[in-house]
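Accompanying notes for the structure given below.
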DNA sequence: CAGCTCGCTCACAAAAGTGTTAGTAACTCC
DNA sequence: GGAGTTACTAACACTTTTGTGAGCGAGCTG
């Protein structure tokens, strides 16, 4: 099983949240779906060009298994699938949104900023 | 270097945030410091009993290198060090707090809940 | 009937992350 | 003077995560 095990004896709430969100691409996938409502497999490939097909399929599968996304398969050829957030997935909006805002404010470029770049003195 | 590389061509803000927060234990360390203000090395060992010394030292070092924490070394024997949040680190409060709240609401136990456990119908 | 399409999956290999054990420095207490 | 203290680090092995390349099924298009 390719999943990190967070075992927090005291039931740390931050760790529980991480269980759902901490895959390398998961929060980005969720973020995209918050923006676009629906995404097909090929949409994600376009939105996140550096992800490999293997990872994309796997992260999507885990998100579906966790109940955050739902997957609709159309029985047609060539195949078509759609992913969208479930109500449970949508409940993560505060988390994703906080990440988005922090990233916009403190890290507009993709290169890591240090505190001195951001906070004067 | 033990660091994941997120290269988001479009400069996705969620990915930039992940760069700082996505270590296996980083957000938990930050969370603890938001609660306690100050932490010594041995405090973290007590707060997070399942982390290994190697990981703790490493995650702390990275957080300091990223400018999120500052480290104060007292020149005494036996040695004493204190870690606390910098202003930059404190700017992450909305992210950590959103994680905390989601974890408290939807995942009180440490076992993964599924959507059906949480959302009626 | 060859080729294209889409949404994947599999096997293999490389890379990243993690745990374990041992050890250090230097001062105090017994 | 031997043991205990704190905050680590280094070496090694192991596990987990990730990338790569290949392939598949089934119908539609030329």
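What the table below lists for this structure:
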| quantity | calculated |
| --- | --- |
| Filter result (more than 11 Å from DNA strand D (Cβ to nearest atom) and out of contact with any strand residue (DSSP E or B) (no Cβ under 9 Å at 6 or more places or on another chain)) within the stretch B:66-83 | B:66, B:67, B:75 |
| Residue A:70 being at pLDDT 95 or above and more than 13 Å from every other protein chain (Cβ to nearest Cβ) | no |
| Failed condition for residue B:98, given (1) in contact with a helix residue (DSSP H, G or I) (Cβ under 8 Å, 6 or more places away or on another chain); (2) in a helix (DSSP H, G or I); (3) within 14 Å of DNA strand C (Cβ to nearest atom) | (3) |
| Meets criteria (loosely packed, with under 15 Cβ neighbours inside 10 Å, modelled with pLDDT under 95 and within 13 Å of DNA strand D (Cβ to nearest atom)) for residue A:22 | no |
| Residues of the stretch B:33-48 satisfying the condition of being out of contact with any helix residue (DSSP H, G or I) (no Cβ under 9 Å at 6 or more places or on another chain) and part of a strand (DSSP E or B) | B:38 |
| Inter-residue pairs, beta-carbon under 6 Å, first within 19 Å of residue B:46 (Cα to Cα) and in the stretch B:20-32, second within 14 Å of DNA strand D (Cβ to nearest atom) and not in a helix (DSSP H, G or I), 6+ apart | B:25/B:51 |
| Pair list, Cβ under 6 Å, 6 or more apart: the stretch A:50-64 residue free of Cβ contacts under 8 Å to residues at least 24 places away in the same chain, other residue more than 7 Å from DNA strand C (Cβ to nearest atom) | A:50/B:7 |
| In the stretch B:49-89, the residues that are within 15 Å of DNA strand C (Cβ to nearest atom), closer than 16 Å to residue B:21 by Cβ and in contact with a helix residue (DSSP H, G or I) (Cβ under 9 Å, 6 or more places away or on another chain) | B:59, B:60, B:62, B:63, B:66 |
| Residue among B:30, B:56 that alone is buried (at least 20 other Cβ atoms within 10 Å of the Cβ), within 15 Å of the chain's Cα centre (by Cα) and either at pLDDT 90 or above or in a loop (DSSP other than H, G, I, E, B) (or both) | B:30 |
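Per-residue answers, yes or no, for (1) touching a strand residue (DSSP E or B) at 6+ places or on another chain (Cβ under 9 Å); (2) surrounded by fewer than 13 Cβ atoms within 10 Å (Cβ to Cβ); (3) at pLDDT 95 or above; (4) within 7 Å of chain A (Cβ to nearest Cβ):
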position	(1), (2), (3), (4)
B:46	no, yes, no, no
B:51	no, no, no, no
B:90	no, no, yes, no
B:103	no, no, no, yes
B:119	no, no, no, yes
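The values are calculated or read from the model by the stated rules, or taken from the named source; none is laboratory data. Bear in mind the structure is a predicted one, so any value in this text is a computation, not a measurement. FYI the Cβ positions are ideal-geometry reconstructions off the backbone, even for glycines, and counts take in every protein chain you see.
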